[in-house]
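Asks: Take this structure, written in structure tokens, and hold onto it; I'll ask about it next.
Computed from the coordinates by the stated procedures, all read-outs in this text should not be read as laboratory data. Just so we're clear, the structure is a prediction, and the values are computed from it rather than from any experiment. Positions of Cβ are generated from backbone atoms using ideal geometry, with glycine treated the same way; all protein chains shown enter the neighbour counts.
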Amino acid sequence: QVQLVESGGGLVQAGGSLKLSCAASGSILPINTSGWYRQAPGKQRELVATITGDNTNYADSVKGRFTISRDNAKNTVYLQMASLKPEDTAVYYCHADIWVRVGLKNRYWGQGTQVTVSS
């Protein structure tokens with residue numbers, strides 16, 4: 001069974017940086033799209049960033065501050081977060097769409113990692 005294991009969350013002061021990692025275990029199959037959502041209490045889930053090949057997309061709220069990247073050889077996606085703001089506080093969930101066979105892919109989710117930015 002494929003699992004996405006997240007790491008890198010924590011507590012950081014405003015203006016600081018964190019790098020989140022999301023490693024797919026038990027999979028050597030190619031990943032199509034991967035990315036990160038975040039959700040704060042009382043807020044709608046927000047798609048933060050996605051990456052498909054060399055194409056990346058970012059929510060307006062994080063453009064210029066966050067960078068998504070992927071190491072295909074390691075089946076790992078990263079989210080480098082800089083210039084963090086208190087409003088970035090949320091649980092961050094990675095996801096990966098993994099091809100299980102030709103014409104079929106499944107979306108897998110990480111367990112979530114808490115990012116807290118203090119003002």
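Asks: Within segment 27-119, count lysine pairs with alpha carbon atoms under 26 angstrom apart where the residues are 8 or more positions apart or belong to different chains.
Replies: The number of close lysine pairs in segment 27-119 is 5.
Asks: So who's got an amide H within less than 5 Å of the one on Gly16, skipping anything under 5 residues away but keeping other chains? H placed 1.01 Å off N, in plane.
Replies: Here Leu84 satisfy the definition.
Asks: Once you place label points 7 Å from the Cα toward the Cβ at Asn57 and Ser69, how far apart are they in nm?
Replies: Distance between label points: 2.3 nm.
Asks: Count the DSSP beta bridges whose two residues both fall in the chain, then state the antiparallel fraction as a percent rounded to the nearest 5.
Replies: Values: 43 of 48 bridges.
Roughly 90 percent of the DSSP beta bridges within the chain come out antiparallel.
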